[in-house]
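Here is the structure we will look at.
The values are calculated or read from the model by the stated rules, or taken from the named source; none is laboratory data. On a predicted model such as this, the values are computed, not experimentally measured, just so you know. Positions of Cβ are backbone-derived with ideal geometry, glycine not excepted, and every protein chain shown enters the neighbour counts.
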Amino acid sequence: MSLSNRNKKYRILVTGGTGYIGSHTAVELLNCGYDVVIADNLANSRPEVINAIHKITGKKTSFIKADLCNTGAVKKIFDGKRIDAVIHFAAFKAVGESVEQPLKYYRNNLLSLLNILELGMKAGLDKIVFSSSCSVYGEPDQLPVNESAPLKKPESPYGNTKQVSEQILADTAAALGLRVISLRYFNPVGAHPSALIGEYPLASPSNLVPVITQTAIGKRKSFTVFGNDYDTSDGSCIRDYIHVVDLAKAHVAALRRLFSPGNSRCEVFNLGTGKGHSVFEIINTFEKISGKKLPYKIGKRRPGDVVKVYADTRLANKKLKWYARHTLEEMLVSAWKWEQALAKNKIS
Ligand code: NAD
Ligand code: WQD
């Protein structure tokens, strides 16, 4: 995966690169010899992440603090230096908040993408990797769900921004020759094994794994399991949890494919492990790896939750030559180590 056999180092713009998945991807890119330029407005991340990336890799990234909804700021990014490809992570991602504040989500997630495309392509950009989501499938008719499954009516404005963004990218690829890979992430969890980067949002997280680790460390008294009466083996919902480091490596694989000639202009890949785990399995596995008993209660179903979703990953395995390697235990061990590191450094 090294670029050492190439004359030129590719320079990759990582938008949202101080965020959770972006920071792990920046590490993998640097480890593989790419030059990395991070652009982020720190709306949901912290500047210390840049130092942590340097510490892990021993390599420097450029960091530009910029709001990608601001056309002047985006123009400056592309005027500044040659950019060979963009990985576009920057977006707001809280599903519940998007229901309450739809315009905030449509503005941020769509305008930032439009600016990157319009101003980037003016400056010669012709390759982009986009962060999409399994939320585009809704409740799938068949499991595991593959990339040809019909997209369902989005449950939230957030989910809709992902569907609309994929469509904007497909139309741009067809009309203007942009090369696009959209990656549909299933449920990213865990942290870098160094425990120097991990999920570190400014807002209180509502996803299952950070809720569990925060409860175990004592930041929360208890948590709620949203429903135990679903038609599944133990009554709780099934998801495909994937280690964030595996996910990050898939972006390097996607870039490699974009830089190789002869592939379709616009492609979509699922990124998951292909295995479904229930909420109770996550709880039991966490209790086993941490030795902690989790206080929780059973609550009502959460509106908008799908019952079961897990990925058919064969397309990504074959075309990206990428496989998720980490087990559920490893995901939860790394998430727990990260939560403990945050507590040790007194970061809330
Ligand atoms: P994150 O919030 O940790 O990272 C997103 C980053 O984008 C943040 O650092 C934020 O400050 C930045 N950002 C947001 N709007 C911006 C703007 N206008 N200009 C500049 N920077 C901006 O989120 P994440 O979990 O790392 O998610 C990354 C991407 O993956 C998002 O597009 C998200 O929708 C998508 N995704 C995430 C998940 C998940 O569960 N984490 C699942 C599927 C898809
Ligand atoms: C997982 C399971 C909950 C919290 C979301 C987005 C999706 C994607 C990934 C961005 C569900 C249950 C959770 C809690 C619980 N993000 N749960 N108690 O909902 O699968 O996906 O993140 O694209 O678009 O919707 O992830 O971690 O919130 O929930 O019982 O306190 O855990 O009901 O079954 P979800 P999650």
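Listed by first and then second residue, the pairs linking a residue in region 286-312 that is free of Cβ contacts under 8 Å to residues at least 12 places away in the same chain to a residue that is surrounded by fewer than 12 Cβ atoms within 10 Å (Cβ to Cβ) and assigned to a loop (DSSP other than H, G, I, E, B), with Cβ atoms under 9 Å apart and 6 or more places separating them unless they lie on different chains, are Glu287/Lys293.
Taking first residues from region 246-270 that are of a type in the set (D, E, K, R) and partners that are buried (at least 24 other Cβ atoms within 10 Å of the Cβ), the Cβ contacts under 6 Å between residues at least 6 apart in sequence or on separate chains come to Asp246/Ala324; Glu267/Ile181. Say whether the condition of being surrounded by 23 or more Cβ atoms within 10 Å (Cβ to Cβ) and among the β-branched types (Val, Ile, Thr) is met by at least one residue in region 130-143. No: region 130-143 contains no residue that is surrounded by 23 or more Cβ atoms within 10 Å (Cβ to Cβ) and among the β-branched types (Val, Ile, Thr). Take Ala195 and decide whether it is away from ligand 1 (no atom under 14 Å from the Cβ) and either out of contact with any helix residue (DSSP H, G or I) (no Cβ under 6 Å at 6 or more places or on another chain) or modelled with pLDDT under 95 (or both). So Ala195 fails the test. Starting from residues that are under 23 Å from Ser278 (Cβ atoms) and without any contact (Cβ under 8 Å) to a residue 40 or more places away in the chain, keep the ones in region 198-209 and report whichever is farthest from ligand 1 (Cβ to nearest atom). So, considering only residues that are under 23 Å from Ser278 (Cβ atoms) and without any contact (Cβ under 8 Å) to a residue 40 or more places away in the chain, the one farthest from ligand 1 (Cβ to nearest atom) is Pro205.
If you filter region 320-335 down to residues that are of a type in the set (D, E, K, R) and not in a helix (DSSP H, G or I), you find that the one that is farthest from the chain's Cα centre (by Cα) is Lys321.
Set side by side, the residues Ile212, Ile242, Ile298 differ, and just one is aliphatic (A, V, I, L, M), farther than 30 Å from Gly177 by Cα and more than 16 Å from ligand 1 (Cβ to nearest atom), which is Ile298. The residue of region 315-348 that is farthest from Gly198 (Cα to Cα), among those that are loosely packed, with under 14 Cβ neighbours inside 10 Å and not polar (S, T, N, Q), is Lys318.
If the condition is being closer than 20 Å to Glu155 by Cβ, in contact with a Phe, Trp or Tyr (Cβ under 7 Å, 6 or more places away or on another chain) and of a type in the set (A, V, I, L, M, F, W, C), then region 272-318 contributes Val307, Val309, Ala311.
Each row is one residue, and each column tells you yes or no for (1) within 23 Å of Thr57 (Cα to Cα); (2) in contact with a Lys or Arg (Cβ under 9 Å, 6 or more places away or on another chain).
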| position | (1), (2) |
| --- | --- |
| Gly262 | no, no |
| Lys275 | no, no |
| Val279 | no, yes |
| Asn284 | no, no |
| Gly291 | no, no |
| Arg301 | no, no |
| Lys319 | no, yes |
| Gln340 | yes, no |
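Could you please find all residues in region 21-38 being surrounded by fewer than 24 Cβ atoms within 10 Å (Cβ to Cβ) and within 16 Å of ligand 2 (Cβ to nearest atom)? Once the filter is applied, which keeps residues that are surrounded by fewer than 24 Cβ atoms within 10 Å (Cβ to Cβ) and within 16 Å of ligand 2 (Cβ to nearest atom), region 21-38 yields only Ile21. When region 200-225 is limited to residues that are touching a strand residue (DSSP E or B) at 6+ places or on another chain (Cβ under 8 Å) and part of a loop (DSSP other than H, G, I, E, B), the one that is farthest from ligand 2 (Cβ to nearest atom) turns out to be Ser222. Among the residues of region 101-129, those that are within 16 Å of ligand 2 (Cβ to nearest atom), crowded, with 16+ Cβ neighbours inside 10 Å and of a type outside the set (A, V, I, L, M, F, W, C) comprise Tyr105, Tyr106, Asn108, Asn109, Ser112.
For region 226-256, filtered to residues that are buried (at least 22 other Cβ atoms within 10 Å of the Cβ) and farther than 27 Å from Thr25 by Cα, the residue that is farthest from ligand 2 (Cβ to nearest atom) is Ser236.
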